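Written below as structure tokens is the structure these notes are about.
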Amino acid sequence: MTALADLLIRRITATGPISVADYMTDCLLHPDHGYYTTRDPFGTQGDFTTAPEISQMFGEMLGLCLAQSWLDQGAPASVTLAELGPGRGTLMADVLRATTSIKGFHDAAKVHLVEASPVLRARQRDALRGAPVTWHYTAATLPDAPLFLVANEFFDALPIRQFIRTGPAWRERQVGVKDGALTFGLAAPAPVAALMHRLADTANGDLVEVCPAAPAIMEQIGIRIAAHGGAALIVDYGGWNSLGDTLQALKSHAPDAPLAHPGQADLTAHVDFAVLAKYAQPAVSTAMTAQGVVLERLGITGRAQSLARHLDGAALSGHIAAHRRLTHPDEMGTLFQAIGIYPPGTPPPAGFDT
Ligand code: SAH
């Protein structure tokens, strides 16, 4: 049993079952035993790989997309270039390299990273060596300035609550203890104000997920973009209006039972892009657009061809596989979706459906 499992079992035995969100919070960010607080989980040695770790082209395309929005909005002289949950810092490093030749962009852009994990902050410092960076624990402390922001696989790491519909009420799925082990259970039925609107599109027995932290984060982003300008590009796996149990654990690149290894497996849930778009108002949102489609429209294939000219052998086949993995509908191309947030009355971020 992990040290965190032991702590959770003692806590639940003493004070009662906890929400799935409280369980995820401890698993991911417990100061001593949390998954992200204690390790670098990425790469072949780790538990999972993300788009920026697959190829530099991912960050290059998103960086050029942000720089295009900056140009479209008149190249403001002082802006925030921010990332939520930057992992190893690879995406921001690729954004910065790809935008070096955009005249004036680097002089205007101050880099701000929102990162909870001390281990990953150190990795980000290494990746961005030389660039002045300000770190934040939450989006609430980002400067009041034009905001150009990326977030890849950030919202899927935020804790979710799960509710199962019973008539007009909902039973919350909880984590309890049975026979000395963590187990799922259901709280008594109760009305849930935040789910009133879901009574219209769900049936008895349906499970709906709510991410309590997402609305406040999107408000912080939307207010800045609407007031000062900017753009936010949010990429993740998920859909429009959550439905069904999407809580999943990943350990050493293989699925794991969500209660099996608290603190030692990654825990995620699908992202509800409808909620992200709603709370970004008064900023506007593009339509949800497949990652593969956005990357193609931003020119990833041309970039792949020009990089390929300098490669051969295993490096070339790895590069071709990476392009396919990021864009193909059978790989990450449609599983991952994206939205762009932008100020009313300005052109939407390039590559997105509107
Ligand atoms: N964007 C990166 C990493 C994705 S993993 C990539 O694509 O490779 C999720 C990232 O979000 C990690 O850096 C993790 O430490 C961070 N994170 C998770 N929950 C967070 C929270 N509540 N506040 C700030 N950062 C968080």
| In bins 5 Å wide, starting from 0, what share of all Cα pairs of segment 254-354 does each bin hold, as a percent? | 2, 11, 15, 15, 14, 14, 13, 10, 5, 1, 0
| query | Can you give the three extents of the C-alpha atoms in segment 124-240 along their principal axes, from longest to shortest, in whole Å? | reply | 53, 38, 23
| Could you work out Rg/(2.2 N^0.38 Å) for segment 175-304, with Rg from alpha carbons only? | 1.32
| query | With the calculation restricted to Cα positions, what are the radius of gyration and Dmax of segment 299-354 in angstrom? | reply | 15.1, 48
| task | Give me D for segment 108-173 in µm² s⁻¹, whole number, from Stokes-Einstein with Rh from the Kirkwood sum over alpha-carbon pairs, 4 °C and 1.567 mPa s. | result | 87
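For Ala227 and Asp32, what does the FRET efficiency come to when R0 = 25 Å and r is the distance between their Cβ atoms, rounded to the nearest 0.05?
Numbers: r = 39 Å, r/R0 = 1.58.
Given R0 = 25 Å and the Cβ-Cβ separation, E is 0.05.
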| When the C-alpha atoms of the chain are aligned to their principal axes, what extent does each axis show, in angstrom, from largest down? | 62, 46, 37
| message | Straight-line reach from Lys110: which aspartates and glutamates fall under 20 Å, measuring Cα to Cα and dropping same-chain residues less than 8 apart? | response | Glu60, Asp72, Glu83, Asp94, Asp126, Asp144
| task | Treating only the Cβ atoms of Lys and Arg (+1) and Asp and Glu (-1) as charged, compute the dipole magnitude of the chain about its Cα centre; round to the nearest 20 debye. | result | 360
| query | If each residue's Cβ is checked for other Cβ atoms within 10 Å, how do Asp40, Asp107, Asp179, Asp245 rank with the fewest at the top? | reply | Asp179, Asp107, Asp40, Asp245
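At a Förster distance of 30 Å, what's the computed FRET efficiency of Asp144 paired with Met196, Cβ-Cβ distance as r, to 0.05?
Numbers: r = 33 Å, r/R0 = 1.10.
Step by step, r from the Cβ atoms, then E = 0.35.
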| query | What does the helix-only formula give at 222 nm for the chain: each DSSP H stretch with n ≥ 4 adding -39500 (n - 2.57), the total divided by the residues, and the result rounded to the nearest 500 deg cm²/dmol? | reply | -10500 deg cm²/dmol
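Give me Phe148, Phe336 sorted ascending by neighbouring Cβ count inside 10 Å, so fewest comes first.
Numbers: Phe148 30, Phe336 22.
Ascending number of Cβ neighbours within 10 Å: Phe336, Phe148.
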| Cα principal axis extents for segment 47-180, largest first, Å | 62, 34, 27
| R0 = 22 Å: FRET efficiency of Ala188 with Arg11, Cβ-based, nearest 0.05? | 0.60
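So how do Asp32, Asp272 line up by other beta-carbon neighbours within 10 Å, fewest first? Walk me through the numbers before you get to the answer.
Numbers: Asp32 10, Asp272 24.
Lowest to highest Cβ neighbour count: Asp32, Asp272.
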| task | Quote the charge dipole size of segment 1-153 about the Cα centre in Debye, to the nearest 20; the model charges only the Cβ of Lys and Arg (+1) and of Asp and Glu (-1). | result | 300
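Read the figures in this text as sums done on the coordinates, not as results from a lab. What you are looking at is a predicted structure, and each value in this text was computed from that prediction instead of being measured. All Cβ positions, glycine included, derive from the backbone under ideal geometry; neighbour counts span all protein chains shown.
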